[in-house]
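Enquirer: Submitted below is the structure of interest, expressed as structure tokens.
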């Protein structure tokens, strides 16, 4: 592995270590570096302490050719990244009038007076290169030391992104760093990672790595190819994808950031079909997932939230006898809910959910987490029973997603 094409990310801030702030900056930076062919070796956090920052730099400089720090460049007493970097690399902090002029100009353009404390941001490590901040006052810092490239950017996400995309990634590309390493995200639903892993086995090209990324509603597969050229890496990913489709094609619904509801919407639109939903325990979550997608009015016609037995009878035409003999949580009730929604909304297809979300209401035969989902389609009604856990929130979300997956499996059969 070429050391110059490896990176070490350091987030500076007590708020991260205290769990008060989620470190989304490192996630963004790692993603952009990966796209540029830079392998991220480690992501870590350092406290607002000069000693901690310098200690973390010891390991970073030893292991990686590219070090990127975020945070600690502001004007307050706990912003110590700037002096810590200067001391670590043996640089003096010099007052830069050109930097101060830019800071003053920014405050003037906003029509507000500049606080005296902000002047500290004009003290800059001598010999380092300022990185322009288009969205704030604190300039970033670029230091070239031996065979290492060190960057320090603000912790404010918008300012950080501007420097990563506008300065750091272009510089790394000009330096000829990075290797032809490409990745692709393949999204699946309906099977756990262990099932998918067993089905896939060792059926991928040797030069392709696969990672299983379980999500709340499914498993994402990240396939990565590394070779001597972009063309070859692309070919390897295409071959790997073809092999995956042979093994697990029925569980694949999309790529990248595609959502299952989005893919379903595309199929419904292509077929010219309309849909309605009837929900009990999910209380509108399923309809919300479908209508979260822009343009869903093309195919989504009606949603029924029938929480009570009376609502099931009045709005959907569920039989009182069915409810008496089988209960609200049953295959029979789910089936009549779906059929009623399809008929009354005059749609091509409909989904219905009824279940016991919890924490109470369960029985020996139907414990908490028991859910019935019905799909009414031109050929009839399909019903499935699901047994989820005893967490109310999880049960409701899993139920809504299971309904979407059931619909996707039906719609994609003859595509």
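The values are calculated or read from the model by the stated rules, or taken from the named source; none is laboratory data. Please read all numbers here as calculations on a predicted model, not as lab measurements. With ideal geometry, Cβ positions are generated from the backbone for all residues, glycine too; neighbour counts draw on all protein chains shown.
Enquirer: Regarding residue 213, is this residue under 20 Å from residue 394 (Cα atoms), part of a strand (DSSP E or B) and not assigned by TED's automatic domain parsing to the domain that holds residue 388?
Expert: Judged against the criteria, residue 213 is a match.
Enquirer: A further question follows. Which members of segment 9-51 meet the condition of being touching a residue at least 60 places away in the same chain (Cβ under 8 Å), surrounded by fewer than 16 Cβ atoms within 10 Å (Cβ to Cβ) and in contact with a strand residue (DSSP E or B) (Cβ under 7 Å, 6 or more places away or on another chain)?
Expert: none
Enquirer: If you take the residues in segment 156-178 that are without any contact (Cβ under 8 Å) to a residue 24 or more places away in the chain and outside any helix (DSSP H, G or I), which one is nearest to residue 70 (Cα to Cα)?
Expert: Only one residue fits best here, namely 156.
Enquirer: Do we have residue 250 as touching a helix residue (DSSP H, G or I) at 6+ places or on another chain (Cβ under 8 Å) and in the same structural domain as residue 200 (by TED's automatic domain parsing) here?
Expert: The answer is yes for residue 250.
Enquirer: Another question, if that's okay. Taking the stated definitions as given, is residue 54 farther than 20 Å from residue 168 by Cβ and either touching a residue at least 40 places away in the same chain (Cβ under 8 Å) or surrounded by fewer than 21 Cβ atoms within 10 Å (Cβ to Cβ) (or both)?
Expert: yes
Enquirer: Go through (1) buried (at least 20 other Cβ atoms within 10 Å of the Cβ); (2) in contact with a strand residue (DSSP E or B) (Cβ under 9 Å, 6 or more places away or on another chain); (3) part of a helix (DSSP H, G or I) one by one and return the number of the condition residue 311 breaks.
Expert: Failing condition for residue 311: (1).
Enquirer: Also, I was wondering about something else. Return the residues of segment 2-19 that are more than 22 Å from residue 62 (Cα to Cα) and either under 20 Å from the mean Cα position of the chain (by Cα) or part of a helix (DSSP H, G or I) (or both); say none if nothing qualifies.
Expert: Within segment 2-19, 14, 15, 16, 17, 19 meet the criteria.
Enquirer: Which of (1) surrounded by fewer than 18 Cβ atoms within 10 Å (Cβ to Cβ); (2) touching a helix residue (DSSP H, G or I) at 6+ places or on another chain (Cβ under 7 Å); (3) farther than 30 Å from residue 98 by Cβ does residue 198 not meet, given it meets every other one?
Expert: (2) is the only condition that residue 198 fails.
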